[in-house]
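Take a look at the structure below.
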Amino acid sequence: RVRLSSLKPDEFKNELIELLATERRICPHVHLPVQSGDDTILQRMGRRYSAKSVYQLVNRLVEARQGITIGADFIVGFPGETKDDFENTIAMVKDIPIVHLHIFPYSDRPGTPASLFSDKISPQEKSERSKRLKRIGDKKKRAHMKSFIGKKLDVIVENRQSSGRLNGISGNYLRVGFTGDDTLMKKYVEIKVNEFSNDALQGDPNSIKLINDKK
């Protein structure tokens with residue numbers, strides 16, 4: 001399986017979206033370094049795309065591949081980020097199907113233009129904004145995962161948890177736990193999801209089907 005990760009929004013060309021739609025060996029999972037939902041902040045970051053283009057891309061990806069999981073990186077508290085700027089990021093996360101957030105409070109990196117900006121955001125404000133964005137992201141992620149209850153997922157079995165249950169990751173980057181023996185370890189299986197608990201999907205052990213050749 002091949003995953004598309006850390007491709008900037010402006011690097012997603014039509015050909016790649018078409019390939020994602022038709023090539024089953026490419027996982028239905030994309031992670032984008034979006035960083036902000038505000039055009040002013042994106043420009044200050046030196047990004048060559050707009051918030052509108054992110055909206056359009058994410059919606060195209062969802063249309064192209066059924067069951068896709070879309071994740072994104074966001075930097076919170078970039079120098080000069082006003083409360084209104086941050087609200088634009090909040091609106092983006094709420095409005096489009098980005099469901100797996102990696103949130104990074106801004107910190108200076110020596111030698112970068114941003115490190116020379118004087119309009120820094122206080123640590124307290126960065127922390128509060130990060131927590132707020134995380135709450136929204138966590139809620140969306142849980143809802144996304146629950147939407148797969150009753151559906152079948154292709155899973156690579158990775159390890160056995162301390163509870164004794166097998167643990168794996170699906171093609172669309174969702175954690176799945178289930179009971180099974182050691183012969184399934186490191187194997188590629190199809191399993192039907194029957195519940196969501198402990199921040200993971202739980203699979204029905206009676207539905208397990210070994211996948212030898214996934215086309």
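The values are calculated or read from the model by the stated rules, or taken from the named source; none is laboratory data. Everything numeric here is computed off the predicted structure, so don't read it as measured data. In this analysis, Cβ positions are derived from the backbone assuming ideal geometry, glycine residues included, and neighbour counts consider all displayed protein chains.
Tabulated results
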quantity	calculated
Filtered residue count, region 175-215, keeping only those that are part of a strand (DSSP E or B) and among the acidic types (D, E)	2
Residue list for region 1-53, filter: out of contact with any Lys or Arg (no Cβ under 7 Å at 6 or more places or on another chain) and aliphatic (A, V, I, L, M)	L4, L7, L16, L19, I26, V30, L32, V34, I41, L42, M45, A51
Scan of region 116-139 for residues that are buried (at least 16 other Cβ atoms within 10 Å of the Cβ), assigned to a helix (DSSP H, G or I) and either hydroxyl-bearing (S, T, Y) or more than 21 Å from the chain's Cα centre (by Cα) (or both), ordered by number	E125, K126, S130
Given (1) over 18 Å from L174 (Cβ atoms); (2) of a type outside the set (G, A, S); (3) over 12 Å from the mean Cα position of the chain (by Cα), number of the condition P33 does not satisfy	(3)
Of all residues making up region 17-38, the number that are in a helix (DSSP H, G or I) and either surrounded by fewer than 16 Cβ atoms within 10 Å (Cβ to Cβ) or on the phi > 0 side of the Ramachandran plot (or both)	3
Unmet requirement for V157, which otherwise passes all of (1) within 30 Å of G180 (Cα to Cα); (2) in the same structural domain as Q35 (by TED's automatic domain parsing); (3) of a type in the set (A, V, I, L, M, F, W, C)	(2)
Residues that are out of contact with any strand residue (DSSP E or B) (no Cβ under 7 Å at 6 or more places or on another chain) and either of a type in the set (K, R) or crowded, with 23+ Cβ neighbours inside 10 Å (or both), drawn from region 45-73	R48, K52, R60
The lone exception for L42 - which of (1) in contact with a Ser or Thr (Cβ under 6 Å, 6 or more places away or on another chain); (2) surrounded by fewer than 22 Cβ atoms within 10 Å (Cβ to Cβ); (3) over 15 Å from R129 (Cβ atoms) it fails	(2)
Members of region 101-124 found to be in contact with a Ser or Thr (Cβ under 6 Å, 6 or more places away or on another chain) and either within 24 Å of N172 (Cα to Cα) or of a type in the set (A, V, I, L, M, F, W, C) (or both), listed by number	I103
Leading residue by the ranking (farthest from the chain's Cα centre (by Cα)) among those in region 151-172 that are surrounded by 16 or more Cβ atoms within 10 Å (Cβ to Cβ) and not in a strand (DSSP E or B)	R165
